[in-house]
Amino acid sequence: MKLKPLCDRVVIKMVEAEETTASGIILTASAQEKPQVAEIIEVGPGGVVDGKEIKMEVQKGQKVITGKYTGTEVKLDGEKYIIVRQSDILAIVE
Amino acid sequence: MKLKPLCDRVVIKMVEAEETTASGIILTASAQEKPQVAEIIEVGPGGVVDGKEIKMEVQKGQKVITGKYTGTEVKLDGEKYIIVRQSDILAIVE
Amino acid sequence: MKLKPLCDRVVIKMVEAEETTASGIILTASAQEKPQVAEIIEVGPGGVVDGKEIKMEVQKGQKVITGKYTGTEVKLDGEKYIIVRQSDILAIVE
Amino acid sequence: MKLKPLCDRVVIKMVEAEETTASGIILTASAQEKPQVAEIIEVGPGGVVDGKEIKMEVQKGQKVITGKYTGTEVKLDGEKYIIVRQSDILAIVE
Amino acid sequence: MKLKPLCDRVVIKMVEAEETTASGIILTASAQEKPQVAEIIEVGPGGVVDGKEIKMEVQKGQKVITGKYTGTEVKLDGEKYIIVRQSDILAIVE
Amino acid sequence: MKLKPLCDRVVIKMVEAEETTASGIILTASAQEKPQVAEIIEVGPGGVVDGKEIKMEVQKGQKVITGKYTGTEVKLDGEKYIIVRQSDILAIVE
Amino acid sequence: MKLKPLCDRVVIKMVEAEETTASGIILTASAQEKPQVAEIIEVGPGGVVDGKEIKMEVQKGQKVITGKYTGTEVKLDGEKYIIVRQSDILAIVE
């Protein structure tokens with residue numbers, strides 16, 4: 001089974017906390033938005049959102065920073081995924 | 001009797017919890033939006049929403065993920081349906 | 001006397017609860033929006049709303065589903081009508 | 001003295017309650033918007049509102065339905081008027 | 001000293017209550033917006049507001065109706081003025 | 001050291017209350033916006049704000065009226081400045 | 001490891017308070033937005049935000065003023081960064 005995100009949505013999977021610490025990244029956030037490192041699993045095809053053409057700039061496999069409470073959690077075949085919009089992705093970690 | 005959704009609206013029918021578990025999908029959601037798997041029953045013709053042309057990307061019979069409190073419930077001939085906008089559909093489950 | 005709705009407005013008349021039950025339709029709604037079956041009595045001419053051309057897609061006599069607290073109630077010659085915008089109509093019941 | 005409304009504004013005068021009852025119209029409203037029958041006294045020239053051209057569709061002398069708490073009351077030479085935007089007028093009563 | 005309003009702003013000066021009563025105008029207002037008669041003292045040059053060209057339709061010396069809590073009060077050489085946007089002016093009193 | 005405002009922002013410096021009184025200007029304000037006289041210190045280059053071209057209409061050295069709680073205060077080399085958008089400037093005092 | 005901001009986002013690093021005092025800059029802020037001096041570490045490529053082309057006007061190494069509670073904090077290899085949008089940068093300190 002597979003999640004195929006619609007439009008400008010992206011399926012991400014959070015990188016485990018252990019892995020995060022190992023790579024030297026510790027994330028804190030101001031206010032109600034708690035950022036985190038996640039890996040991109042699936043990228044939507046892009047398309048028109050609110051009448052505006054959205055081109056997808058991110059790719060499968062990239063590590064990204066997004067807000068903790070952004071998106072919708074989905075559990076599929078025992079794995080937890082989050083569906084976010086591309087615009088909720090703040091930066092790529094290289 | 002039949003529900004014919006207007007514009008960019010889609011009539012969906014939630015997939016029973018049992019069936020959901022069988023397929024290995026367990027859904028949880030952050031905040032007030034609880035996602036769920038539903039089947040698409042009817043798709044509106046698309047058209048202009050807020051002055052912007054909306055093309056329908058989903059089809060009858062697809063399994064989709066949407067928010068639990070999204071849309072309006074309707075009971076027709078003993079079956080419960082939900083009318084959502086296409087943009088409330090997050091991903092297709094394949 | 002007659003109500004002539006302006007622009008994209010539609011005059012509807014709720015279908016009695018008895019009639020609703022007879023046709024096998026029972027409506028429930030999430031949150032504060034309670035849907036209901038209504039018949040279209042008068043349709044406005046359409047026109048520009050917020051600078052965008054609105055074409056009327058519904059017709060006199062159609063049975064439609066709309067939200068319970070949508071629109072403004074008017075009592076004319078002993079009959080109760082509701083004036084809604086076309087975009088408040090979710091689906092046509094056929 | 002005379003009120004000359006600007007742009008898409010319309011000066012209306014509420015039709016007395018007695019007159020309303022005589023014509024068989026009784027108005028009730030959902031939520032905070034209480035509709036009422038009013039006569040159009042003056043119509044603005046139309047023009048650009050929020051960058052969009054507004055054409056006036058209503059005329060002096062028409063009976064209209066609008067929301068009770070819509071617009072601004074003005075008392076001029078002993079008469080009470082209300083200044084509303086054309087878009088606050090829901091329907092014409094014929 | 002003189003106030004030169006920017007863009008679509010207008011400097012008005014409220015007409016005294018005594019004068020208002022003498023001319024037979026008594027103003028009441030619904031909700032939080034209390035209308036009043038004011039004289040236009042200075043008119044801005046118009047221009048682009050939120051990306052939209054605004055043409056000034058009012059002139060120095062006109063008596064206008066606006067909301068009581070609209071705009072910003074300024075006291076200059078002992079006189080009180082109010083700076084409003086042209087769109088806050090509801091009607092001209094002739 | 002110098003503050004170079006970006007885009008449509010303007011650096012202003014409030015004119016002291018003493019100076020204000022001497023020039024006969026006393027400012028009061030309705031609601032939460034308290035106006036004040038300030039001198040323009042630096043003007044941004046203008047540019048695109050929310051996709052709309054903004055041309056700067058104000059100049060260094062002008063006395064202007066703006067809202068008290070508008071903008072962000074900055075203290076530089078012992079002087080207090082405020083950074084506002086050009087659209088927060090209501091009028092020029094000449 | 002490196003943070004590569006997407007679109008119109010900018011990675012900044014706050015200038016230490018000691019350094020701030022030494023340079024004679026003390027920052028205070030009205031309301032809930034507390035400004036601060038930061039150095040620009042990485043600048044996104046710009047691009048389309050809400051359907052509007054954003055050109056990046058700031059550069060790596062510039063000292064800028066932004067709001068304290070603006071953006072998302074990220075800790076990478078022991079250093080704290082903040083990811084903001086270019087439009088959250090008020091002025092450059094030269």
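A few points about this structure:
- In terms of other Cβ atoms within 10 Å, B:ILE12, E:ILE92 run from fewest to most in the order E:ILE92, B:ILE12.
- Which listed pairs, of A:LYS55/C:LYS55; E:LYS80/F:LYS63; B:LYS55/C:LYS60; F:LYS55/G:LYS52; C:LYS4/D:LYS4; E:LYS55/G:LYS52, have C-alpha distances above 23 Å, in listed order: A:LYS55/C:LYS55; B:LYS55/C:LYS60; C:LYS4/D:LYS4; E:LYS55/G:LYS52
- Closest Cβ on chain B to the rotation axis that carries it onto A (distance rounded to whole Å): B:GLY51, 8
- Averaged over the residues of peptide E:73-82, the number of Cβ atoms from other protein chains lying within 10 Å of each residue's Cβ is 5.
Taken together, the values in this text are just the output of simple stated rules run on the coordinates, not laboratory data. Because the structure is predicted, anything quoted here is derived from the model rather than measured. Please note: Cβ atoms are built from the backbone with ideal geometry, for glycine as well, and neighbour counts cover all protein chains shown.
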